[in-house]
Amino acid sequence: MRPTREMGITNNLATEASRGKHASRWPLDRIIERGYAVATYYYGDVEPDHREGWREGIRARLGGNPVRSGHGDDWGAIAAWAWGLSRALDYLETIPEVDARRVAVFGHSRHGKTALWAGAQDERFALTISNDSGEGGASIARRTYGERVDDLVRAVPYWFCPNYARFVGRENELPVDAHMLIALAAPRPVYVASAIGDQWADPRGEFLAARHATPAWHLFGKKGLESAEMPAPDQPVGDQVGYHVRTGDHDITAYDWEQFMNFADRHLMPVPR
């Protein structure tokens, strides 16, 4: 696991001290009460989250060598983790108690970036939810606010394809941006969530990406995020594209889960045809 003193991670391994540190992020009783189930996997089992993690991960198992390949568009760790989400859905499809037509893919922070990519690539996911995903996820890179391309390339270059590093300090030259990533899920519903205290992830940039992705839903005769103004904290908005910015910091809270489930209630009930 990633070394984190706060979490009690020692020598890259979970310890008894780390058990339950983020239990507040998973209000399982409430989720089950609302009629939903939760399935997850540890992303480091698909590929460890460090520069040499590919050597132990799925990219190496499938014959890839991102160091030597020379291909600027080779997949990075986020794509590997998204691949893992699709394999999880493969398994969920085999469980009679799970309605695999109504599975939402969800992620927070780096996993929010991963969820957006998984939802874009795998049309079996009926709904995509990104929480506090920031740069390389749901926030507009061209705003050059908060976390930027150079921050990611310096700290975690292996998350992305090698070509991503070409745009350090050149965000305005990017041929794509976050609103296009979000739009790839259309016409399936997408929810983007921010936190007002998480300026590093650029809440306004996340709102603008959701807003500017909306024309993709218009092509299907659907409404997206029609509001031109960013909502006040704790005031969810949107139709097929939902958004909220809550009070608080970079985290997943019970409030977030309630909005995600309210959104899922609207779009996954009744059973889609």
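The values are calculated or read from the model by the stated rules, or taken from the named source; none is laboratory data. Remember, it's a predicted structure, so these values are computed and weren't measured experimentally. Positions of Cβ are generated from backbone atoms using ideal geometry, with glycine treated the same way; all protein chains shown enter the neighbour counts.
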*If you scan the stretch 228-273, which residues turn out to be among the aromatic types (F, W, Y) and either touching a residue at least 24 places away in the same chain (Cβ under 8 Å) or in contact with a Leu (Cβ under 9 Å, 6 or more places away or on another chain) (or both)?*
Y243, W257, F260, F263
*Any residue at all in the stretch 124-132 that is more than 8 Å from the chain's Cα centre (by Cα), in the same structural domain as L181 (by TED's automatic domain parsing) and among the small types (G, A, S)?*
yes
*Going by the structure shown, is R110 under 20 Å from A138 (Cα atoms), out of contact with any helix residue (DSSP H, G or I) (no Cβ under 6 Å at 6 or more places or on another chain) and either exposed (fewer than 13 other Cβ atoms within 10 Å of the Cβ) or of a type in the set (D, E, K, R) (or both)?*
yes
*Within the stretch 72-91, which residues are part of a helix (DSSP H, G or I) and farther than 19 Å from E135 by Cα?*
W83, G84, L85, S86, R87, A88, L89, D90, Y91
*asked:* Being surrounded by 15 or more Cβ atoms within 10 Å (Cβ to Cβ) and either in contact with a strand residue (DSSP E or B) (Cβ under 8 Å, 6 or more places away or on another chain) or of a type in the set (F, W, Y) (or both) is the filter here; which residues of the stretch 27-57 pass it?
replied: Y36, Y43, W54
*Given (1) in a helix (DSSP H, G or I); (2) within 20 Å of G112 (Cβ to Cβ); (3) more than 16 Å from the chain's Cα centre (by Cα), number of the condition E206 does not satisfy*: (3)
*asked:* Out of the residues in the stretch 1-31 meeting the condition of being in a loop (DSSP other than H, G, I, E, B), under 22 Å from the mean Cα position of the chain (by Cα) and among the charged types (D, E, K, R), tell me which one is modelled with the lowest pLDDT.
replied: R2
*Quick one: which of F220, F207 is out of contact with any Asp or Glu (no Cβ under 6 Å at 6 or more places or on another chain), without any contact (Cβ under 8 Å) to a residue 60 or more places away in the chain, more than 30 Å from V149 (Cβ to Cβ) and aromatic (F, W, Y)?*
F220
